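The values are calculated or read from the model by the stated rules, or taken from the named source; none is laboratory data. None of these values were measured; they are calculated from a predicted model. In this analysis, Cβ positions are derived from the backbone assuming ideal geometry, glycine residues included, and neighbour counts consider all displayed protein chains. The protein model used for the area step is the full one, side chains on, heavy atoms only, and it has no ligands, DNA or RNA in it. Shrake-Rupley method; radii C 1.70, N 1.55, O 1.52, S 1.80 Å.
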There are 2 protein chains.
Amino acid sequence: MSAFVAHGGRLSAACARYGGAPEDWLDLSTGINPVPWPGAQTYVPDWRALPDPAALARLEAVAASHFGADPALCAAVPGSEAGLRALGEVLREFPLAPGPLTYSTYTKAFGSADNGAPGPTVRVLTNPNNPDGTLQTRTEVLAALDRQEADGGWLVVDEAFADPHRDVSVAGEVREGRRLIVTRSFGKFFGLAGLRLGFVLGPLAILDALRRLHGDWPLSSAAIDLGLTAYADTDWIGQARQSLQRRAQALDMLLARHGLAAQGASPLFRLVRTNRAASLFETLARAHILTRPFEGYPQLLRFGLPGHDSALARLEAALTRWSCDG
Amino acid sequence: MSAFVAHGGRLSAACARYGGAPEDWLDLSTGINPVPWPGAQTYVPDWRALPDPAALARLEAVAASHFGADPALCAAVPGSEAGLRALGEVLREFPLAPGPLTYSTYTKAFGSADNGAPGPTVRVLTNPNNPDGTLQTRTEVLAALDRQEADGGWLVVDEAFADPHRDVSVAGEVREGRRLIVTRSFGKFFGLAGLRLGFVLGPLAILDALRRLHGDWPLSSAAIDLGLTAYADTDWIGQARQSLQRRAQALDMLLARHGLAAQGASPLFRLVRTNRAASLFETLARAHILTRPFEGYPQLLRFGLPGHDSALARLEAALTRWSCDG
């Protein structure tokens, strides 16, 4: 499973190992909404001109409004992963504070402490956390910020999976003089991960350094156009929040019928813990269903949401085979 | 003209100052091919999945083949401007060597020397140079590399506008142990600047640092798909080289009829020098034709290529008005 522990979405590697073409696979290895915002389906981008800086500024304002944040403290980045990489560079004097199992990019983006030497750190708090779906309240997050600020460090709150949840974001708490940075992802909730669009909310000196790093055209024309329309589509956003919860419940019931208890609060992915995770991954992969294992945690497997009833039925059939084998 | 000296393509600012909607303007302020590669016109991207790392590797190989470079030493970046910004970060211990009037990004991306203190530098050599179109031979470029290496510095050759020219690229000279880095742009020659696609060719340690900075998904799905198809379209590439030369000659003849001698070897842009550059910019802008002035060089004006005969006729009419006013 070693090819599949770094990130989800590695369908090419899955085809090379288990056969089939990418379109034959049911990819449950990511936390990407399988029912994307529909406005992108018929959109033919006009790639000819350079992206327009005025449109980029409008996108940052519309997105900040969705986040409940100050538009002056919101910078668009080409994907939240790229935003985290840039933050690692900007905050390179601060080593990463150790934390629980979470997104693998953090250790690649941020430096590590030399022999656990004391001193201020950057702590990344993922809310809800990936992969276990632990959701912290705003009060808990702000208490973590107080602890980081007391040490002269920084708190980065990665809210890549926060869109399905109301009242958890601390994006509105970002302000000048505070050592709080929030990252947001467009592609996960809107189901358009190939677009590469994310946002960093933080004090101006941080955003200035990010913008210097990403340059004068950080986004493609398509990311600006689609982001502008999608974040303003409050009807779809409300409906998606509801339908993600329904789909997550259906997945939980299916998993429970096979003795698997799904964990966490995120409807975009469900984590199961079983001693038979390796055989579960293998059985599903042979049925061309890709799930997400984790290095060093052989009893964990993360499931993305099946998008349609037919996908749920396909997963059910494969789980039944696995249960019978056990 | 201050809003228009940083970069070309600032149509929103032009509309705000001189009226009209972006589609009313003839934008001659950039060096982007006005007749783009046609494969993008009907392409509806599938944005749902994360970009595929295997497809990214194929794109780097196809592009390296177009550049005549070692595919192992070729990294895709989200636009050559973003690549230069990242190089500025990776090579931050080396100040930028002073040079002639050239692309404004260099001074934003690279550090400046403290009071001209001696020591190794990074020199950026733009070939052909923007905006004056000076073209250097491979021998001249490699001599500049020798000088940089003798001092322990680096040479970055920005070949953003090199595609129309055969036998000028030093991309094939990049190798392990040499202090040579080459940057390439997709959007200019292929006329698709909104896509944000470029390449950096350099020793592995440089590419590793760039990849760490840009993260695991440096490109959008569309940039990978279109880049893969366009760089393999050798028929179109050959035809575009010929037609760019024809269009540049037609523009030169038109400018000459109004007493303006176009300078340089690049068919993607033509530079004119006239004491009346300010009135020329203004007259054209009032006719909703945007050209490119340069801060501190009030006698220079750069013209991008008109894409069609009707655009050429529109420019001719405006130039006639300017000549009559003079």
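Numbers for the structure displayed
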read-out	value
B:S112 under 15 Å from the mean Cα position of the chain (by Cα), in the same structural domain as B:R179 (by TED's automatic domain parsing) and among the small types (G, A, S)	no
Restricting region B:2-11 to residues that are outside any loop (DSSP other than H, G, I, E, B) and open to solvent by less than 40 Å² (accessible area, probe 1.4 Å), the residue that is nearest to B:H288 (Cα to Cα)	B:L11
Residue that is nearest to the other protein chains (Cβ to nearest Cβ) [pool: residues in region A:188-223 that are open to solvent by 10 Å² or more (accessible area, probe 1.4 Å) and under 18 Å from the mean Cα position of the chain (by Cα)]	A:R196
Matching entry among A:D132, A:D70 (being closer than 24 Å to A:Q263 by Cα and of a type in the set (D, E))	A:D132
Subset of region A:23-43 that is at the interface with chain B (Cβ under 8 Å from one of its Cβ atoms) and not in a loop (DSSP other than H, G, I, E, B) - its residue that is farthest from B:D52 (Cα to Cα)	A:A40
Where a residue in region B:304-315 is surrounded by fewer than 17 Cβ atoms within 10 Å (Cβ to Cβ) and its partner, wherever it lies, is assigned to a helix (DSSP H, G or I), with Cβ under 7 Å and at least six apart	none
Every residue from region A:12-24 that is surrounded by 13 or more Cβ atoms within 10 Å (Cβ to Cβ) and free of Cβ contacts under 8 Å to residues at least 24 places away in the same chain	A:S12, A:A13, A:C15, A:P22
Only one of A:A285, A:A261, A:A230 that is of a type outside the set (F, W, Y), open to solvent by less than 40 Å² (accessible area, probe 1.4 Å) and more than 14 Å from chain B (Cβ to nearest Cβ)	A:A285
Flag if A:D146 is crowded, with 22+ Cβ neighbours inside 10 Å, out of contact with any Pro (no Cβ under 6 Å at 6 or more places or on another chain) and in the same structural domain as A:G111 (by TED's automatic domain parsing)	no
Subset of region B:153-173 that is more than 20 Å from the chain's Cα centre (by Cα) and closer than 20 Å to B:Y106 by Cβ - its residue that is least open to solvent (accessible area, probe 1.4 Å)	B:G153
Residue identified as open to solvent by less than 30 Å² (accessible area, probe 1.4 Å) and in contact (Cβ under 8 Å) with a residue 40 or more places away in the chain among A:V141, A:V182	A:V182
Residue match in region A:129-137 (condition: surrounded by fewer than 24 Cβ atoms within 10 Å (Cβ to Cβ), within 14 Å of another protein chain (Cβ to nearest Cβ) and under 26 Å from A:R273 (Cα atoms))	no
Conditions (1) open to solvent by 20 Å² or more (accessible area, probe 1.4 Å); (2) modelled with pLDDT of 95 or more; number of the one not met by A:P118	(2)
Residue within region A:48-63 that is more than 10 Å from chain B (Cβ to nearest Cβ), under 23 Å from B:L197 (Cβ atoms) and under 21 Å from the mean Cα position of the chain (by Cα) present	yes
Any hit, region A:72-79, residues being at pLDDT 95 or above, closer than 17 Å to A:A160 by Cα, at the interface with chain B (Cβ under 8 Å from one of its Cβ atoms) and surrounded by 15 or more Cβ atoms within 10 Å (Cβ to Cβ)	yes
Selection from region B:190-202 of residues that are of a type outside the set (V, I, T) and in contact with a helix residue (DSSP H, G or I) (Cβ under 7 Å, 6 or more places away or on another chain)	B:F190, B:L192, B:A193, B:G194, B:L195, B:R196, B:L197, B:G198, B:F199, B:L201, B:G202
Verdict on A:G238 being closer than 15 Å to A:P164 by Cβ and either open to solvent by less than 10 Å² (accessible area, probe 1.4 Å) or modelled with pLDDT of 95 or more (or both)	yes
Region A:80-104, subset free of Cβ contacts under 8 Å to residues at least 40 places away in the same chain and within 12 Å of chain B (Cβ to nearest Cβ), residue surrounded by the fewest Cβ atoms within 10 Å (Cβ to Cβ)	A:R92
Residue list for region B:269-326, restricted to those being among the aromatic types (F, W, Y) and touching a Lys or Arg at 6+ places or on another chain (Cβ under 6 Å)	B:F269, B:F303
Single match in B:P298, B:P306 (criterion: part of a loop (DSSP other than H, G, I, E, B) and farther than 29 Å from B:G39 by Cα)	B:P298
Checklist (1) surrounded by fewer than 18 Cβ atoms within 10 Å (Cβ to Cβ); (2) farther than 22 Å from A:K188 by Cβ applied to A:A277, failing item	(1)
Selection count where residues are part of a strand (DSSP E or B) and within 14 Å of another protein chain (Cβ to nearest Cβ), scope region B:176-187	2
Options A:A285, A:A313, A:A318: the member that is out of contact with any helix residue (DSSP H, G or I) (no Cβ under 9 Å at 6 or more places or on another chain), of a type in the set (G, A, S) and part of a helix (DSSP H, G or I)	A:A313
